[in-house]
Amino acid sequence: RLLIIDFGSQVTQLIARRLRELNVYCEIHPYQNVTDAFLTEFAPKAIIFSGGPDSVVREGSPRPPKSAYELGVPILGICYGQQVMMQDLGGLVEAGQSHTAEFGRAWVKPTETPIDLLNGWFMDGTGREQAWMSHGDHVSRLAPGFEVFGTSPGAPFAITADLSRRFYAVQFHPEVHHTPNGATLYENFVRDAGFTGDWTMAAYREEMIANIREQVGDSHVICALSGGVDSSVTGILLHEAIGDQLTCVFVDHGLLRLGEAEQVVQMFRDNYNLNLIHADESDLFLGELEGVSDPETKRKIIGRLFIDVFQKYADQIEGAQFLAQGTLYPDVIESVSFSGGPSVTIKSHHNVGGLPEKMGLKLVEPLRGLFKDEVRTLGHELGLPASFIGRHPFPGPGLAIRCPGEITREKLEILRKADAVYIDQIRKHGLYDEIWQAFVAILPVRTVGVMGDGRTYDFACALRAVTSVDGMTADYYPFSHEFLGETATRIINEVKGINRVTYDITSKPPGTIEWE
Ligand code: XMP
């Protein structure tokens, strides 16, 4: 196994991800925990030093144990990790000056001597490779035994290595997207270390299960199931790890789609024999939302009620000490401010954050190191039906934010039917998987129409469909006119209460995906 010593970089998890993609088993451990004894016990086949925010020039900045260099295994140092290696082994690192600091894209050029680590690099004929840099300090003298194999304008020692000891150290971040060919370096490194790439998601599942058992012991865990992929995978994984020590609560706020509550509960009951409470609290939620039309007020009410309701059910579960959450790696990173300044709240997102503090519960977050697509793979592994895994995201406040203005049961009823027709159309045309998210919003306006020989005065609705990678930015989906026409006709014919259909062609930004 490979050990990643984490010095606090924002992108350490990306290193793990790149290695998982190469089917190599790795573990990330914070530098504080990596002692001599730890290293002996762990017996890594290779080590990676991550980047980090500190400066090696600062007295007392983080270091790996010296014994790491004596294990006889390959080591790869990245950014801060490179500087640590140089300083530990007798080189020199100098504190940042504006002309040597590099942030963002840089072009790395090779020196004369080719090395295995760089196989597949500098191949496109331009004689250089794009790499992403983010450093203030820089190496100014190499440690004995090291040579330079690549340079960039701000980093004369961009790629360095002591080939006899198989120590490699690079100033840039090969794990990030902006080093497009960076995975190749990891591939060469793990090959050199003797990994055969036979590790799989099945093995990761076993590892997570062992970790959960260790963390939880014989305590009881509660988990809020929303029916989305993240919370479902969390629940199933926990169930596999601790069986009856888990209780899942599915809070039905009455703002779900047509047949959704039944489908979610049925899927869990049919496939997994876990303790599941179906909390039908729709009267409570819809009652409190009556007459409310301000979007933020709606969101706040729903968020507050969700916590109250969850707490009510949790109180009935004796001895619950942990709360399980489907937090993913991007959530962890996004909660850390990059800019340092408070950002503006566009929408108060609804999640179960805030629950653990209020309830005095400890957190179990088994998916914390994973990305969405990896969670889907894990879901597969756990036997979640494919139709469930591939579902479009659905927001916590549900249909409340697709019903601008006042929410009434009548409007929700109409919205559910229109949405079902729309999604059915999308599936029938084979477009569901091409679209990130699609839904109908019912507009707070009635319009005049004519059907048969009579006048109608019904609601208008808007269809929304977007493509996106992460929901942060999005583009509207370019349906054909035939598709749009056919869908509008079907909705107006099949859904009583709607007599006009529009298509929302706003991208994000400036729009948001949801209407509120
Ligand atoms: P917006 O509307 O902000 O949405 O462009 C981006 C993505 O986030 C979803 N969304 C939410 N998800 N709780 C959630 O769990 C929320 O409060 C929430 N609000 C929006 C939205 O559906 C889209 O996928």
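Quick note: the coordinates plus some simple rules give every number you see, no bench work behind them. This one's a predicted model, so the numbers in the text were calculated from it and none came from an experiment. All Cβ positions, glycine included, derive from the backbone under ideal geometry; neighbour counts span all protein chains shown.
Roughly how many nanometres apart are two label points built 7 Å out from the Cα toward the Cβ at D424 and R165?
According to this spin-label approximation, the distance is 6.9 nm.
At what distance in nm do the modelled label points of I209 and I317 sit from each other, each positioned 7 Å from its Cα along Cα→Cβ?
2.0 nm
What Rg and what Dmax come out for the chain when only alpha-carbon atoms are used, in angstroms?
26.9, 92
Compute the Cα gyration tensor for the range 408-503, then decide on rounded, prolate or oblate, letting a ≥ b ≥ c be the square roots of its eigenvalues: rounded whenever a/c is under 1.5, prolate when a/b is larger than b/c in the other cases, and oblate in all that remain.
Prolate shape, in that a/c is at least 1.5 and a/b is the bigger ratio.
Considering the dipole of the range 422-516 built from charges on the beta carbon (Lys and Arg +1, Asp and Glu -1) around the Cα centre, which of G452, I492, Q425 is farthest to its positive end?
Going by the Cα projections, it comes out as G452.
Of all DSSP beta bridges located in the chain, what percent are antiparallel, nearest 5? Mind showing how you got there, number by number?
Numbers: 35 of 74 bridges.
Looking only at bridges with both residues in the chain, the antiparallel portion is about 45 percent.
Starting from 0.36 nm per residue, how many nanometres of slack lie between L363 and V445 once their C-alpha separation is accounted for?
Additional length available on full extension: 25.1 nm.
Rounded to the nearest whole Å³, what is the per residue volume of the convex hull around the Cα atoms of the range 201-389?
Working: hull volume 25.0 nm³, N = 189.
Dividing the Cα hull volume of the range 201-389 by its residue count gives 132 Å³.
Give me the base-10 log of I(q)/I(0) for the range 1-105 at each q in 0.10, 0.24 Å⁻¹, Debye formula, one uniform scatterer per Cα, rounded to two decimals.
These q points yield log10 I(q)/I(0) values of -0.28, -1.42.
What is the packing order of peptides 451-460, 44-53, taking the mean over residues of other C-beta atoms within 10 Å and listing the highest first? Working shown, then result.
On the way: 451-460: 12.0, 44-53: 23.7.
Ranking the peptides 451-460, 44-53 by packing returns 44-53, 451-460.
Expressed as a whole number of Å, what is the distance separating the alpha-carbon centroids of the range 472-487 and the range 159-209?
41 Å
Hey, any idea what Rg/Rh is for the range 2-192, computing Rh the Kirkwood way over Cα pairs?
0.93
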